[in-house]
């Protein structure tokens, strides 16, 4: 098989890239190790920045998003038993965020891809990339038990933090920057109508908590916990007890309770690999960087990466110029590190750290008080949360 751009991974980065390339008349093939059912049902959070929503709508894959998503004009910070609203729209000149689950975006993109005649090769086992520093890179894999090879001009590594693309770059090329946080999130989905119209980020002496939602009938909630926590030690009753303890406020507000139908523990990790390119391989999304979920930036950062990459590839195929391709990593990393800074800041602001003393906790409360009482500080939070410019 032969294509112009081989894309490893049918997650948000890979599918958005394939869609953008299709609109530019550039041929691509997406190679995915999992089945279509798996990638469409793999539940992930979905808080979308304004720029991500605009891109999906402008490129024709946002019709269901417009009908079914939840538009939010603000978020709330809760501490010392009181909630304080950050007016995202008012502080950013009209921008907002949208709640729409990642797997729903995946469904929309897969449907658009297949309806346009584009190729996604699901169940592609044992994928490996070769010839990255030569003129003819290729992706080798097995499908239906048969070995197959996809010859490409370029390869986009969109296969996540545990994929095969980043480890295929030779030793000594990449510098990997990492931070492992000393806590995790215990997350649940519950059949309970959301009792707040907006997300609530809570700083509490027992640890961080987040109130979110998936739909008008499903609530999404998180608790800070130990990184080695055993989910078996958290029966539903204990989870609700802890959620009520951390989230309830002095005015009597408390989250609506309902049957829990999903629970899991997510570690907190920051990582950036530099550069994001080697030879004909370009890394995007989680293959290149990981952010803690506090700032809701992972999917949005992946979309920003592939927007840059699609534009660079369009320039190359239209004119033969490599200027944007050669600057891909530099361009993306400026935004990546700003997003890392913001995600680290929100994480540090809201969570309890084991080594903190009374001074540290009072400092956190003072910063929360400042952010919620200073228009300039609130505007900085709102600008980052609603999304920095794509360029």
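By definition, a body whose alpha carbon gyration tensor gives a ≥ b ≥ c is oblate when a/c is 1.5 or more and a/b is not larger than b/c, and region 37-84 fits this oblate description. With respect to the chain, whose longest principal axis is taken over its alpha-carbon atoms, helix 102-115 is tilted by about 30°.
Stretching residue 125 away from residue 43 to a fully extended chain increases their span by 27.3 nm, per 0.36 nm per residue minus the current alpha-carbon distance. With the gyration tensor restricted to C-alpha atoms of region 61-211, the semi-axes of the equivalent ellipsoid amount to 41, 23, 16 Å, longest first.
For the chain, with a Gaussian network of springs between Cα atoms less than 10 Å apart, report the residue from 147, 182, 227 with the top mean-square fluctuation. Its mean-square fluctuation being the largest, the pick is 147.
Taking 0.36 nm per residue of separation and subtracting the current Cα-Cα distance, fully stretching the chain between residue 380 and residue 271 would add 36.9 nm. Put a dot 7 Å past the Cα of residue 103, heading toward its Cβ, do the same for residue 27, and the two dots end up 3.4 nm apart. Here the extension length gained between residue 205 and residue 341 equals 46.6 nm, from 0.36 nm per residue of separation less the Cα-Cα distance. Note on residue 315 and residue 179: their simple-model spin labels are 3.1 nm apart, each label 7 Å out from Cα toward Cβ. Sorting 167-176, 254-263 by their mean Cβ neighbour count within 10 Å, with the most densely packed peptide first, gives 254-263, 167-176.
What FRET efficiency, computed as 1/(1 + (r/R0)^6) with R0 = 35 Å and r the Cβ-Cβ distance, is obtained for residue 359 and residue 256, rounded to the nearest 0.05? Efficiency for this residue pair is about 0.45. Taken as Cα centroids, region 289-307 and region 18-46 sit 17 Å apart, rounded to the nearest whole angstrom. Taking a ≥ b ≥ c as the square roots of the Cα gyration tensor eigenvalues, with a/c under 1.5 meaning rounded and otherwise prolate when a/b beats b/c, else oblate, which class fits region 267-309? The shape class here is oblate. Between 379, 209, 304, the residue with the greatest mean-square fluctuation in the GNM of the chain (Cα pairs under 10 Å linked by springs) is 379.
I'm spelling it out carefully: the read-out is Kirkwood radius over Cα pairs in Å, the candidates are [x] 23.8; [y] 22.6; [z] 21.9, and one was derived from this structure. Which label? Recomputing Kirkwood radius over Cα pairs in Å here picks out [z]. Of the peptides 289-300, 10-21, the ranking by mean beta-carbon count within 10 Å, highest at the top, reads 10-21, 289-300. Between residue 114 and residue 68, the simple spin-label model (points 7 angstrom out along Cα→Cβ) gives 1.5 nm. Packing-based ranking of 345-357, 276-288 yields 276-288, 345-357, ordered from highest to lowest mean Cβ neighbour count within 10 Å.
Averaging Cα coordinates gives a centre for region 150-176 and one for region 66-122; these two points are 28 Å apart.
Here, each number is a calculation from the coordinates, and none is a lab measurement. Just so you know, these numbers come straight off a predicted model, no measurement behind them. With ideal geometry, Cβ positions are generated from the backbone for all residues, glycine too; neighbour counts draw on all protein chains shown.
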